[in-house]
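Read-outs throughout are calculated quantities, based only on the coordinates presented, and are distinct from any laboratory measurement. All values derive from a computational prediction rather than experimental measurement. Every residue, glycine as well, gets a Cβ built from its backbone with ideal geometry; the counts of neighbours run over all protein chains shown.
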Amino acid sequence: MSILSRYVATAYLKMFFLCMGAFLAIYQVVDFTEKIARFTRSGAHWYHIVYFFIAKTPEILSQAAPLAVLMATLLTLGTLSMNSELTAMRSCGVSLARISSPILVIAFLVSLLSLFIGELVLPKSYAARTYTQEVLIEKKSPSTYFRQHNIWHREEAAILRASLFDPAKGELKGITLWELKPGTTQPVRRTDADAGTLDRQGWLFRDALVREFKAGEVSVTRKYPALRVPLQLKPADLKVLGKYSDSMTIAELSRYCEKLKAGGYDPTRYLAQMHSRFSLPFGCAVMAFLGIPFALRGGRSSGIAFGIGLSLVVGFLYVIINSMIISFGQVGLLPPIAAAWATNFIFLLAGIWLSMTLEN
């Protein structure tokens, strides 16, 4: 790396960490002010409250990264222009691409780091933060994470219905299991059981009544005090996914979508969420590419106020457009992968157009 590249990279990193720190502090202060009264009324311990805000930090950093990259880009180039350093570099024959390359490289590395955090850190921190808030602070029962009544579960050749699930015991009650002829919906066996529990060997139904069907009629009826059933259902599958999807990794979301598809359910909503896990981190690189021509257009007149104001406007516009398009993908109006990457593509095209129309 040349001296010039190191100088630009150092100035950019200083501005980036300053912006990230500012966003983190503002977000935490506002969130603390909003929640502290409710937390203290719940009789929460101070260390649970502290742990809640610590666990929320990775989520805040991930959300603020694209905006921090954009603001750092505008402020860094704006400061270089105000101090005539950009003019001096250009007069020495240094191209704008050479000046901007350290910023683009750092922004791409931030995108990779954000993807890494989103896959390995965010799921655990989200689960810990949610559990801390709802169970340790607000004193809710852990059973609120589970569907407990009128449960339906479908596998490749089986359909299960249970009237109740007890999360504390990991026990299903009021069970009816239909085993189907492969490739059809024709039942070949029906099992009714009072309860079922999961151990290392699989599901064990108690007080089971088994009916076998042939030619549409019941041919054999047997009773079993205990019956092993080859069922792939796990207690984690009964968690309420509206809260639980954010605590899943990309691989877990992919497996869940395959399971929904195999069970005959529409996985479109979760496919859009899965693809957005890839696309959102690379919003950092797109924001840097978009911010460079914006900053250079401002010339020496672009100062701190210009950089902050423009980055906030563009950042909020990115969030609004991205939320709208992803919602279209979740309901099936757009293909999930197209909905996930559309916003990045739109802002990348805007950056290309601005770069092509930028005067030397």
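Across region 103-212, C-alpha contacts under 8 Å between residues 6 or more apart give a mean separation that, scaled by the residue count, equals a relative contact order of 14 percent. Over region 1-97, the reciprocal of the mean inverse Cα-Cα separation, the Kirkwood hydrodynamic radius, stands at 16.1 Å. Extension gain, residue 251-residue 40: 0.36 nm per intervening residue step, less the Cα-Cα distance, totals 72.2 nm.
Note the full-extension length gain between residue 337 and residue 18 as 0.36 nm times their separation in residues minus their Cα-Cα distance, in nm to one decimal.
111.5 nm
If the segment from residue 237 to residue 358 were pulled out straight at 0.36 nm per residue, it would be longer than the present Cα-Cα gap by 38.2 nm.
When 159, 321 are arranged by Cβ crowding within 10 Å, least crowded first, meaning fewest neighbours, the order is 321, 159. In terms of surrounding Cβ atoms within a 10 Å radius of their Cβ, 129, 154, 41 rank from fewest to most as 41, 154, 129. Using helices alone, what [θ] at 222 nm do you get for the chain, with -39,500 (n - 2.57) per DSSP H run of 4 or more residues, divided over all residues and rounded to the nearest 500? When only DSSP H runs of four or more count, the value is -20000 deg cm²/dmol. Taking other C-beta atoms within 10 Å as the exposure proxy, 237, 199 rank 199, 237 from fewest upward.
Taking the alpha carbon gyration tensor of region 65-211, multiplying each eigenvalue by 5 and rooting it gives semi-axes of 61, 21, 11 Å, largest first. One compactness figure for region 312-360 is 1.35, namely its Cα radius of gyration divided by 2.2 N^0.38 Å.
With the alpha-carbon atoms of the chain aligned to their principal axes, the span from lowest to highest coordinate is 93, 50, 33 Å, starting with the largest.
Any idea what the relative contact order of region 55-141 is, in percent, if you count C-alpha pairs under 8 Å spaced at least 6 apart?
54
Pairs of Cα atoms nearer than 8 Å and 6+ residues apart set the relative contact order; for the chain it is 20 percent. Over the Cα atoms of region 147-236, the radius of gyration divided by the Kirkwood radius equals 0.96; this is the Rg/Rh ratio.
Highest-first packing order for the peptide set 161-167, 46-52, 341-347 is 341-347, 161-167, 46-52, based on the mean count of other beta carbon atoms within 10 Å. The alpha carbons of region 46-110 give a radius of gyration and a Dmax of 17.8, 59 Å, in that order. As a calculated quantity, the FRET efficiency between residue 28 and residue 217 at R0 = 51 Å, using C-beta atoms, amounts to about 0.15.
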